[in-house]
Amino acid sequence: MKRWPVMLWLAVLAGCLWWVTAQTRFNTDMAAFLPDSAAPAQQLMVDQLKDGVASRLVLLAVENGSTGQLAESSKKLSRALEASGHFSYVRNGEHGLTPAEREHLMQYRYLLSPTTDTSRFSAAGLEQGLQDSLQLLASPAGAMVKQLLPSDPTGAMLNLLEDWGGASSGPSLQHDVWFSDDGRRALLLAETRAPAFDIDAQQQVGDAIRRAFDESRSSPELRLLMSGPSVFAVQSRNLIHNDAWRLSLVAMLLVSLILLLAYGSPRLLGLGILPVASGALVGIAAVSLSYGNVHGITLGFGATLIGEAVDYPTYLFTQRAAEESLRNTLERIWPTLRLAVLTTVFGSLTMLFSGFSGLSQLGMFSLVGVLAAGLVTRYVLPEIAPDHFAIAHRVQTQALLARGASMLSGLKWLPLLALAAAAAYLAIQRQDLWENELSRLSPIPSPALELDRSLREAMGAPDVRYLIAVPGNTRQAALEHSETIAPQLQELVQQGITAGYDLTARIIPSERTQAVRQAALPEPETLRRNLDQAVAATPFRADIFEPFLRQVEQSRHLPPLQIKDWQGTPLGGLAGGLMVRQGDGWVALISLRNVSNEAALKAFASRLGGDAFLLDIKGESSRMIMQYRDQSLRYSLLGVAAILLVLGIGLRNIRAIFAVLLPVAAAVLATAALLAGMDIKLSLFHVVSLLLVLGIGLNYGLFFNRPALDEAERRRTLFGVLVCAASTVSAFGVLAFSATPVLQAIGITVALGAVLSLLFAAMWAKTK
């Protein structure tokens with residue numbers, strides 16, 4: 001026994017284990033699977049998906065109780081969530097503006113109000129304002145008007161609140177909190193501090209909401225409803241995790257049973273796990289060292305991609321002849337096994353150089369993991385496996401397989417026909433071949449999506465699909481341009497195309513607009529003279545308006561209002577979230593509410609001046625997916641070219657290369673064509689799965705076409721390849737029954753591809 005390979009292996013594993021447990025940061029931020037770079041519109045879309053205002057909204061509702069119970073629970077829940085520290089703001093209609101927001105509005109009302117102009121402060125304008133206030137004193141708003149009148153006889157504050165309310169109207173009020181129109185649900189809207197794609201943080205947010213609800217509900221019958229992008233992200237992760245765990249357990253038991261039946265030895269079964277387990281550990285450490293973190297999806301899908309490494313010990317154990325040492329067996333099959341490892345390594349380069357950091361991690365994990373598994377099979381297993389063992393019950397099975405292979409060898413024309421037919425069918429269907437709707441890959445059930453739609457409509461929450469983007473070289477330039485669009489947006493509201501909109505310029509106008517309004521404020525002497533004339537025609541006394549005169553003078557000298565002045569308030573969070581930096585410039589975003597006519601909105605956007613444009617997040621995401629899928633396919637072609645080079649160096653025979661490549665090429669294209677024929681649109685996950693089919697099929701082709709010393713060795717090869725195929729089809733066939741679209745796509749693709757690869761490779765196997 002050579003000690004140094006085993007000692008080196010143990011040392012590497014110990015070092016990797018220490019690094020993974022002590023230094024590795026595991027990441028669940030789904031934004032890692034968004035592209036690292038994109039066109040400006042796509043980059044803006046990616047930024048909004050990662051940390052946009054709409055993406056961080058959580059829509060809540062309490063139902064199944066009387067209106068009094070629902071209102072009480074809403075108030076308690078709102079206060080508990082505000083105190084939790086997880087939210088930028090929580091709104092349920094109870095308080096309206098916070099004290100800090102009201103103070104800012106009152107102080108800056110003349111610089112914020114669109115009605116501020118010189119005519120408002122003329123004698124006639126002031127008189128009209130006083131007459132309006134006189135009428136309002138007898139209205140339901142009389143108490144507020146009476147309170148504001150001494151400092152705001154022009155009604156600027158009320159006009160400002162009315163303008164904001166008209167642009168972004170909220171739900172109806174009952175018991176001072178928001179309710180759905182049918183009165184069956186109390187509604188709340190919250191914005192999380194954590195980005196929507198930070199799933200661990202959003203899981204904590206969801207747990208905090210549920211705890212707060214349990215502690216605040218006034219009746220055990222009350223029920224909490226939650227929705228929003230962050231809620232869906234957590235639900236998706238949990239659904240995929242639970243589904244994958246359950247199915248993986250079934251798959252592991254099936255594969256273990258197959259290998260146990262094939263080996264006839266629990267010890268060999270345990271030894272066979274060592275290469276793939278070592279590859280997984282080394283792969284995780286390599287990803288951590290290269291990227292600074294390891295994504296949770298890298299672990300799940302990476303383990304799938306290096307699953308073919310389980311086959312390496314199977315090839316080794318089943319190829320051993322009677323009384324032959326395992327070292328001698330390895331010497332015979334190593335050239336073929338080495339090619340199998342290298343072709344998979346080069347195939348992984350496709351993902352390694354993709355534009356997604358998540359897929360790049362998968363590529364690194366697969367490349368390093370498979371390489372490590374191959375090295376452990378080559379240098380470690382022969383040193384720790386028993387010197388003598390026998391694979392039980394294989395003679396009869398091998399004879400049966402030999403007869404089957406002999407029958408298949410007469411069908412060499414079938415892979416050629418399948419290749420041509422599949423290529424022709426895929427070419428015909430190319431316009432309708434790919435899945436570009438990300439929503440169809442979501443495991444979220446339809447009732448949850450319907451709940452989100454109904455809550456969004458009831459609350460008038462920002463639309464998660466459409467934004468109007470207004471770029472500018474500076475923040476002020478973007479603000480100024482967005483202000484010119486606001487009047488046109490009001491027309492959309494009046495036409496019913498959208499229920500409302502929000503933009504930063506309403507909360508914080510540009511400095512130029514504030515300066516124009518400030519210049520409209522009269523000097524003290526002029527204002528006093530005009531006020532005296534106005535008061536003379538009303539029942540009011542002039543002396544009660546001293547606060548008004550004083551505050552107008554203060555307003556004449558206020559510095560421009562900035563976003564930082566709203567810091568720590570809900571309106572400040574909204575204003576800041578709608579102004580984003582992009583490159584060297586800024587973009588002012590305008591969020592829309594309940595868009596009812598998409599065609600009219602797009603027609604309106606086409607008429608916007610300057611560089612303003614409508615950001616269709618759904619449309620941009622589809623275009624982005626198409627671009628990066630095409631990029632992945634181009635890299636796949638480079639990977640195939642690299643595989644050809646490796647095969648050329650390793651086989652040095654055109655006929656042998658053809659015999660290895662033709663079956664797997666036919667299997668990959670036939671798998672894609674069969675999926676398309678079943679009306680399954682291909683996604684990026686199908687592409688990744690087809691890469692695994694490519695690696696598996698190459699392994700089958702290489703072993704079927706390696707030179708055999710005698711008929712016994714050829715039969716052992718048939719047996720070994722069949723065991724590997726049975727393991728693969730069992731493992732991935734289980735995933736095909738998953739309710740999660742992503743796992744189902746991987747399972748169907750790999751299981752179907754493995755069966756076709758086995759059959760086609762057997763048809764082109766060497767018979768002598």
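What follows is calculated from the coordinates using simple rules that are stated; it is not laboratory data. From a predicted model like this one, the values you see are computed outputs, not experimental measurements. Backbone-built Cβ (ideal geometry, glycine too); neighbour counts: all protein chains shown.
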Quiz item: Mind checking the dipole of the range 596-639: about its Cα centre, +1 per Lys or Arg Cβ, -1 per Asp or Glu Cβ, Debye to the nearest 20?
Solution: 100
Exercise. Pop a pseudo-label 7 angstrom from the Cα along the beta-carbon direction at both Ile384 and Thr67 and give the gap in nm to one decimal.
Key: 7.2
Quiz item: Here are several values of Rg and Dmax of the Cα atoms in Å: [x] 34.2, 119; [y] 24.5, 80; [z] 27.8, 97. Which one was derived from the coordinates shown?
Solution: [x]
Quiz item: Helix 296-305 versus the longest principal axis of the chain: what is the Cα-based angle in degrees, 0 to 90, to the nearest 10?
Solution: 20
Quiz item: Tally Lys/Arg at +1 and Asp/Glu at -1 over every other residue whose Cβ is under 14 Å from the Cβ of Ala124; what's the total?
Solution: -2
Exercise. Return a whole-number percent for the relative contact order of the range 238-337, with Cα pairs under 8 Å and 6 or more residues apart as the contact set.
Key: 22
Exercise. State the answer as a single residue: which of Leu694, Leu669, Gly404 lies farthest towards the positive end of the charge dipole of the chain, with beta carbon charges of +1 for Lys and Arg and -1 for Asp and Glu, about the Cα centre.
Key: Gly404
Quiz item: Tally Lys/Arg at +1 and Asp/Glu at -1 over every other residue whose Cβ is under 9 Å from the Cβ of Met45; what's the total?
Solution: -3
Self-check item: Eligible lysines near Lys681 by straight Cα distance, threshold 18 Å, same-chain separation 8 or greater
Solution: Lys618
Quiz item: Can you give the relative contact order of the chain as a percent, counting alpha carbon pairs under 8 Å and 6+ residues apart?
Solution: 21
Quiz item: Cα to Cα, under 30 Å, and not fewer than 8 places away if on the same chain: which lysines meet these conditions relative to Lys766?
Solution: Lys412
Quiz item: What order do you get for Asp311, Asp214 when you list them from fewest to most C-beta neighbours inside 10 Å?
Solution: Asp214, Asp311
Quiz item: What is the calculated FRET efficiency for Gln494 to Ala421, with r their C-beta to C-beta distance and R₀ = 51 Å, to the nearest 0.05?
Solution: 0.30
Quiz item: What ranking do His388, His175, His295 get, fewest neighbouring Cβ atoms within 10 angstrom at the top?
Solution: His388, His175, His295
Quiz item: Can you list the chymotrypsin sites (Phe, Trp or Tyr not before Pro) in the range 584-693 that are in a DSSP coil and have 14 or fewer other beta carbons within 10 angstrom?
Solution: none
